[in-house]
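Everything below concerns the one structure shown next.
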Amino acid sequence: MGCNVKIILSVLVFLLLLASGCSVSAPDARAPLSFSDQQALLTVYLKSRGVVEEIAPLQFVGLSVQVDDIWIDLDLPPASVDFQQQKGRQLLLGASVAPLGQHRSLRLLVRGLGEEGELRNFHLTLPETLDLNRGDSKCLFIEWEMLREGQGNGMVVPAFKAWGQRPVLGGNLLYVACGELNTVYVTRIDNSEVVAAFGIPGPLAEICLDDVRQRLYVLSKGRRSIYVYDCANERLLDQILLSSSVSPEYMILSAGGRYAYVSDPTAGSVYKVNLSEGRMTVQRRLGHRPGYLLEIDELNLLAVSSASSSQVFILNSDTLELNQAIQVGAKPHGLLYFAQSLYVAESASQSVSVYSPQSGRQIARISVDMGPLFLLSVDEETAYVSNSIGQSLSVLTAGQNVAFRRIGSVSSPAEMIHSSRKRLLYVVAKNSAYLTVIDQGTEKIVRSINYGGQPKSLALLETKF
């Protein structure tokens, strides 16, 4: 009896949240999806397989979950899916706030089956219970298969099955933080498919990975904390509180993974956090809205860009004492230590400038496309620049002060990460809910990966060769 009362109360609370506007509409550019830590989020993916026939596209009209004897619709947008085009590919149907509780039954509403295109309900039973608690963010997977009845020319009929996310058994994984969703998605890089998600109280900022300890550090702006996630065992280990007065925005890990460096543009400060002790050890106020961070381990230096003052501050990475302030081009953002020099993406100057981190002397200025934002080196010879306004990547080569190559038609590129095993670049599409995947060898776009919200930060866990 007590269990039923809890379920009914959960349903009533969920319905009240819907009525009051606490859940939001379908995840599109006009209305980004978000959810609070008092709710649960469900991201739904579809994959098709089976006999390929000349069949009309199906429209997925709705998906409901059963709580006790009540069916509750998820807030997913209708999606028209062409079986032939989507066969073997994972397709995002959407993300929605979902009722709390244990779920085993789903109802899928589909239009387009038969000559009249009538609506049809498919009742699906999950093989394992999908348990949603407050603050959870999880994935639900639906498989659409076309089967032939009987032998020979039998009618081709659809069949559906569904399951909740399962434990991720190792492998090479890409972690994608969607800041406003309070969600980190887990993507397998061997097939570019999302396999799981987990919730972290947010909004979220940066994520960084210690691949030796297999720990993911998640910077939460909302909780002014660094959350520690155990990738091997898929569980949250710790919450490191920074300070109630801190508004953290950017974070990197030190070379050995012992420390985190965090910048706070609002307070104009940079912090050094001892991760094993779980506390801030050093604070340095710069007063000029510090942004991107870069540790130059071999020189014992920390570089910090400030777009508001058009400077890069060079600090001692141990004490955070200021060594020098380098005046650079307009609105510097991303930083990179490449070919023994400091590279600075000067967003409003349409250039990447090269400096000596020891003396501050300018060595070169490389013209690139509009809005250079982020810098990434993939080896000792090659680095990439994401040009967010120019919709392109510029390719830099060590020892050359000209960007001879350009990868075009990359939608609003921002943060990037590189898989050395797959020789792929994963590029955040700014203000969009997907990543662009680029083959490093051909420098061509090979696919995109869709998520429930806008990716903010990336981290990659790869096994060693």
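The table below lists the values:
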quantity: Restricting the stretch 250-308 to trypsin sites (Lys or Arg not before Pro) in coil, as DSSP defines it, with at most 16 other Cβ within 10 Å; calculated: Arg258
quantity: Nearest-ten-degree value, helix 2-20 long axis tilted from longest Cα axis of the chain; calculated: 70 degrees
quantity: Within the stretch 180-195: backbone nitrogen closer than 19 Å to the Gln86 label point (7 Å, Cα to C-beta); calculated: 192-195
quantity: Distance in nm between pseudo-label sites at Thr281 and Thr266 (7 Å out along the Cβ direction from Cα); calculated: 2.7 nm
quantity: Which of Pro413, Ala196, Leu335, positive extreme of dipole for the chain (C-beta unit charges); calculated: Leu335
quantity: Extreme residue, positive dipole direction of the chain, given options Phe374, Gly50, Gln38 (C-beta unit charges); calculated: Phe374
quantity: Net dipole in debye of the chain [+1 Lys, Arg Cβ; -1 Asp, Glu Cβ; about Cα centre; nearest 20]; calculated: 560 debye
quantity: CD proxy at 222 nm, helix term only [per DSSP H run n ≥ 4: -39500 (n - 2.57); per residue of the chain; nearest 500]; calculated: -1500 deg cm²/dmol
quantity: P(r), alpha carbons of the stretch 244-346 - 10 Å bins starting at zero, rounded %; calculated: 16, 53, 27, 3
quantity: Chain lengthening between Arg361 and Ser448 when straightened (0.36 nm per residue, less Cα-Cα); calculated: 27.3 nm
quantity: Percentage relative contact order, the chain, counting C-alpha pairs under 8 Å, at least six apart; calculated: 9 percent
quantity: Computed E for Arg213/Val157 - FRET, C-beta separation, R0 56 angstrom, nearest 0.05; calculated: 0.65
quantity: Estimated distance in nm for a label pair at Gln340 and Ser243, the labels positioned 7 Å out from Cα along Cα-to-Cβ; calculated: 3.9 nm
quantity: Shape category assigned to the stretch 175-461 from the gyration tensor of Cα positions, a/c cut at 1.5; calculated: oblate
quantity: Greater than 30 Å apart at Cα, pairs in Lys138/Lys221; Lys331/Lys456; Lys161/Lys444; Lys331/Lys464; Lys138/Lys444; Lys47/Lys221; calculated: Lys161/Lys444; Lys331/Lys464; Lys138/Lys444; Lys47/Lys221
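We did not get these values from a lab; they are worked out from the coordinates using the rules stated. Fair warning: this is a prediction, and the values are worked out from it, not measured in the lab. Note that each Cβ is placed from the backbone with ideal geometry, even for glycine, and that neighbours are counted across all protein chains shown.
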